[in-house]
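What follows is one structure encoded as C-alpha cells, with my remarks underneath.
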Amino acid sequence: MEITVKSSDLVKELGLGQGVVEKKTTIPVLSNVLIEAQEGRLLIAATDLELGIQAFCPATVTKKGSTTLPAKKLLDYVRLLPDAELALKVGDNQAASIACGRAKTRIAGMSRDNFPELPKMPAALTKIPAKALVNSISKTIFAVANEESRYTLIGALMVLREDGIAMVATDGHRLAFVRTPMALEGVSGEIRGLIPKKAMAELQKLAADGGESMMVDFATDENHLFFQCGSRLLVTRKLSGQFPDYERVLPKEKGTAVPLHRDELMAAVRRVSQFADDRSRAVRFELAEGELKLAASGSDAGESEESIPAETGAKRMKVGFNAQYVLDFLGVAETDSVELQFKDEESAGQMQLIGQGDYEYRYVVMPMRI
Amino acid sequence: MDAFFVSVEELEDPSLKGKPVVVGGQAHERGVVSAASYAARRYGVHSAMPLREAYRLCPTAIFLDGHPHRYREYSKKVHAILRDFSPAVEQVSIDEAFLDLTGAERLLGPPLAAAHALHERVRRETGLPCSIGAGSSRLVAKIGSGLAKPNGVLWIQPGLEASFLAPLDIKKIPGVGKVMQQKLRDCGVHRIGQLAGLDEGFLAQRWGKLGRALAGKARGEDAGGWFDGEIGGRDLPKSISHETTFSIDTNDRALIDATLAKLVQLVARRLREHGLWTRTVQLKLRYDDFSTYTRAHTLEEATQLDNVLLQTVRRLFLENWKVPRKVRLLGVQAGSLSNPEGQLGLLDSEQRRKWGSALAAADALRDRFGETAVGLAAAMRHGRRERVHENPAGLPGKEPSSRKQQ
C-alpha cells in the first residue's frame with residue numbers, strides 16, 4: 001500500500017481512536033490501529049473487542065492495501081511532524097515507511113489478518129441529535145460505577161422512545177437521570193441499551209467533535225450498539241444483564257426544596273469538604289432557620305463550618321452527603337441556580353437544575369450516616 | 001462475681017445452696033462446664049471441663065442447663081452499679097469487669113473503703129457474692145480479686161505490688177498459658193518473684209514482645225495484649241461471632257439452615273446493640289472428623305441486618321458443604337466492623353428500611369421479654385437451646401472480642 005495524507009488529518013483521526021486502544025493487552029494486535037488504503041481515503045480502526053471505532057481521512061491512494069501499526073507510537077510520532085503531506089508506504093513485511101519533508105521513519109507493523117473485524121452496522125433505526133447525546137453522557141457518566149462487581153452498573157442505560165431519549169447511570173449510592181424530549185423518528189415502543197462507561201466517554205468525544213447540529217445515526221443488533229457520527233462509527237458491545245429499576249428510585253415528591261446559587265454552594269462545599277474524613281468525604285447539610293449550614297469534622301486536621309443564606313422551609317434536619325457526589329453534580333450543572341431537595345436523614349436527596357427547560361435532569365443521592 | 005451462674009441459680013432456687021452444682025448442661029451431654037459451685041470444685045470440677053468428665057468426678061452434682069437470660073439480667077444490674085462508681089467501666093465478660101477509680105478518691109474515699117462500698121452495694125442490691133481486688137494496675141487488681149475469692153476484698157497498696165506478686169505461682173499471671181508456663185518452668189522459674197528477678201533483656205531476647213510483657217507483668221504492670229489499652233477505651237472490636245456444636249452431628253439441611261439463621265440472628269443482634277456495621281461475614285464449618293473450614297465473604301456495603309447476613313452465610317455454606325458429610329459445629333462471624341458513618345445504598349433502601357425498623361422493633365421486644373420473645377421464622381425450625389457457654393448476647397458494656405487477636 002502506498003498513500004499520501006495530510007499529517008494533521010491523520011493526527012486528528014488517530015487521536016479519536018486512541019482512547020479505544022488498550023494500553024495493557026494480552027493480545028498484541030489490539031495495541032495497533034488498522035489502516036487500510038481505500039479509494040481516495042484511508043480507513044482507520046481501533047478496537048479492544050468490547051468497543052471499536054472506525055474513521056476515515058482523505059488520502060491520495062497510489063496503491064491499495066492495509067496493515068496494522070502500533071497506535072501510540074504512530075500517533076506520538078506523527079503528532080511531532082510539521083503539518084504537511086506525508087507519504088506512507090507499507091511493504092510485504094508489514095513495516096510502514098513514513099516520509100515527511102526530510103524526516104524518514106520505519107515503523108514495524110503486524111498483519112491485519114489477526115485484527116478483529118468490526119461488526120457491520122445494520123440500517124439506522126433513528127437519528128439522535130449529537131448535542132443531546134453529549135449532554136446526556138456528560139451528566140451521567142460520573143455516576144457510573146467503577147467496580148467490576150456490579151456488572152450491570154458499569155455502564156449507563158439509554159432509553160429511546162418516540163418522544164425522547166433518556167440516559168440513567170447509578171453506582172448504587174447515587175443516580176443520575178437525564179431525559180431530553182424530542183421526536184425520534186423510526187422509534188416505536190422502547191429501545192433500551194446498556195452502554196459501557198468507556199464507550200460513553202468515546203461517544204461523547206466523537207459526538208462533540210461533529211458540531212452542534214450533527215445528527216448521530218443509531219442502530220443496534222443483538223449484541224451491539226452502533227453510533228454513526230458523520231464518517232466516524234462507534235460500535236460497542238451491549239452490557240448484558242438487568243439494569244436496576246431506576247424509576248422506583250426516583251423520588252415521587254420533592255420534600256423540602258432549597259434553591260441555591262450554584263457557584264456559592266460549590267465553593268462552600270469545596271471549602272468545608274477539605275476537613276471531611278478522607279475516606280468517607282462526609283459533609284453534614286443542616287436545614288436551619290433561613291440558612292443551609294455545611295459542616296465537616298471527620299479529619300484529624302480539624303473541622304470546618306459554613307452557612308449559606310437560603311429559604312429552608314419549616315423542616316429542621318441534618319443529613320450527611322458525600323461531598324464528592326454533590327460536587328460531581330454541581331460541576332456539570334450549567335444553570336446559575338440549583339435546587340436541593342431533602343426528605344429525611346435516611347432517604348435519598350435529589351438535586352435539580354432551576355431554569356433549564358430543554359431537558360429534565362434529576363440527580364438522586366443517598367445520604368451517609370453521620 | 002463468684003461462681004456467677006451458680007450464684008444466680010441459688011438465688012432463684014435457694015435449695016441449691018452449698019450443694020455441688022454444675023451449670024452448662026446435663027451430665028451425659030456434649031459441651032462443657034460453664035460454672036461450678038464451690039462445693040463441686042472440691043471434687044476437681046472446673047469450668048471449661050467436658051460435662052461428662054465433671055460427672056465422672058462428681059456424680060452427685062446437680063447438673064443445670066442454665067438460664068442465660070437471667071445471667072444477663074443480673075449482669076446488667078451489676079453493671080449499672082459499677083457505672084455509679086465510675087464512668088470508666090470495662091466489662092470483660094458477663095461476670096468480670098474493671099473500674100478505673102483514678103481521681104475518685106474525694107468522692108468515694110480511699111481505695112479499700114471504695115471497694116467495700118461497692119462490694120456491699122452489689123450484695124445488697126443483687127444478693128450476689130463478688131470479690132474485689134484493688135490495685136494500681138489491672139493486672140494486680142485481677143490477681144488480687146482472684147485471691148480475695150470467695151466474697152472478699154483485697155487491696156494491694158501502691159509500692160507493694162512486686163512483693164505481693166513475688167510468692168505467687170507464675171500460672172496466676174493472666175495471659176500465661178500452659179505452654180508459656182512450661183517454658184518458664186524449664187528455665188527454673190516457678191514463682192512470679194523469680195520471673196521479676198530475671199533480666200528484661202534476657203526475656204525480650206528469648207520471647208520478643210511477649211518476653212517484655214512478661215517482665216512488666218512480673219513487676220505488676222499492665223503490659224502486653226489488651227492490658228495495653230485504656231479501661232473503657234473505645235477501640236473498635238475486631239469481630240463478633242457465635243458458634244454452636246450440634247448435640248448429634250447432622251447433615252439435615254433443614255436443621256442446618258435453622259441453626260445458621262439462629263446464629264446470624266445472635267450476631268446481628270449484637271451488632272445492632274453495639275451500633276456496629278459489618279462488611280465481612282465468615283462461616284465456620286466443622287465436620288464430624290473435626291476438620292474445620294472457615295470461608296468469608298466481603299459485602300459491598302456494610303450491614304447489621306439479619307436478612308443480608310443470612311443470605312450470605314447460607315450461600316457460603318452451600319458453596320462449601322461437601323454433601324452429605326455430617327456437620328459437628330457451625331459458626332458465624334461478623335468482621336470488618338465499622339462505626340455508623342457510611343454511605344447508604346440507593347437501590348435497596350426501601351427494603352433495608354423495612355428490615356431495619358422491623359428488627360429495631362424485634363430488639364425492643366427482646367429487651368423487654370427476653371431473647372426468645374421474637375425471631376426469624378427460619379431459626380425456629382429447631383429448638384436450639386441457648387447454651388450458657390456460647391457467648392450470650394446482651395452484656396451491658398461488654399465490648400466484643402476486640403483485643404483477643406493481638
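Quick note: the coordinates plus some simple rules give every number you see, no bench work behind them. Keep in mind that this is a model prediction, so the values were computed, not measured. Here the Cβ is made from the backbone with ideal geometry for all residues, glycine too, and neighbour counts use every protein chain on show.
The table that follows gives values for the structure above.
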| quantity | calculated |
| --- | --- |
| Spin-label pair A:E253/A:N114, simplified geometry with 7 Å Cα→Cβ offset, distance in nm | 6.4 |
| Pairwise FRET efficiency - B:T60 versus B:A360, Cβ, R0 = 51 Å, nearest 0.05 | 0.60 |
| 10 Å binning of all Cα-Cα separations within the protein assembly as shown, expressed as whole percents from 0 upward | 2, 10, 15, 17, 16, 13, 11, 8, 5, 2, 0, 0 |
| Under the span-like rule (Cα at least 18 Å along the axis, Kyte-Doolittle mean at least 0.0), DSSP H helices of chain B | B:253-273 |
| Fully extended contour minus Cα-Cα distance, from A:Q324 to A:K72, at 0.36 nm per residue | 87.4 nm |
| Anisotropy class of the range B:289-388 from Cα gyration tensor, a/c 1.5 cut | oblate |
| Residue-averaged [θ]222 nm for chain B, counting only DSSP H segments that reach four residues, each worth -39500 (n - 2.57) | -12500 deg cm²/dmol |
| Whole-angstrom gap from the range A:311-363 to the range A:43-117, using each part's C-alpha centre | 48 |
| Packing-based exposure ordering (other Cβ within 10 Å, fewest first) of A:D76, B:D65 | A:D76, B:D65 |
| Ranking of A:E117, A:E22, A:E346 by count of other Cβ atoms within 10 Å, fewest first | A:E117, A:E346, A:E22 |
| Cα-based shape type of the range A:152-212, given that a ≥ b ≥ c are square roots of the gyration tensor eigenvalues and the cut on a/c is 1.5 | oblate |
| Convex hull volume per residue for chain A, taking Cα atoms only, in Å³ | 166 |
| Hz values of 3J(HN,Hα) by residue in the range A:160-167 - Karplus curve (6.51, -1.76, 1.60), Gly and Pro given as x | 9, 10, 5, 9, x, 10, 10, 9 |
| Cut-off under 5 Å, modelled amide H: who pairs with B:T280 long-range | B:L299, B:G335, B:S336 |
| Neighbour cut-off at most 16 other Cβ (10 Å), DSSP loop, trypsin sites (Lys or Arg not before Pro), the range A:84-131 | A:R102, A:K120 |
| Nonlocal amide H pairs with B:A97, under 5 Å, H built at 1.01 Å | B:V92 |
| Positive dipole terminus of the range A:126-248, leading residue within A:T126, A:M167, A:I141 (C-beta point charges) | A:I141 |
| Where labels lie 7 Å past Cα in the beta-carbon direction, separation of B:Y293 and A:S97 in nm | 6.6 |
| Residues whose placed amide H lies under 5 Å from that of A:K238, excluding near-sequence neighbours | A:H224, A:L225 |
| Peptide-level mean, for A:166-176, of C-beta atoms on other protein chains within 10 Å | 2 |
| Residues A:E212 and A:D278, FRET efficiency given R0 of 35 Å [Cβ-Cβ distance, rounded to 0.05] | 0.25 |
| Percent of alpha-carbon pairs separated by more than 17 Å within the range A:1-113 | 48 |
| Cross-link pairs beyond the 19 Å C-alpha cut-off, checked among A:K197/A:K254; A:K23/A:K198; A:K64/A:K205 | A:K197/A:K254; A:K64/A:K205 |
| Lys, Arg +1 and Asp, Glu -1 on Cβ, resulting dipole of the protein assembly as shown about Cα centre, debye, nearest 20 | 2680 |
| Across B:K149/B:K209; A:K293/A:K315; B:K76/B:K171; B:K149/B:K172; B:K217/B:K284, pairs whose alpha-carbon gap is larger than 24 Å | B:K149/B:K209; B:K76/B:K171; B:K217/B:K284 |
| Relative contact order for chain B, counting Cα pairs under 8 Å that sit 6 or more residues apart, in percent | 16 |
| In sequence order, calculated HN-Hα J values of the range A:322-335 (Karplus, 6.51, -1.76, 1.60; Hz; x Gly/Pro) | 5, 4, 4, 4, 5, 5, 4, 5, 4, x, 9, 6, 9, 8 |
| Sorted by Cβ neighbour density within 10 Å, fewest at the top, the residues A:M121, A:M368 | A:M121, A:M368 |
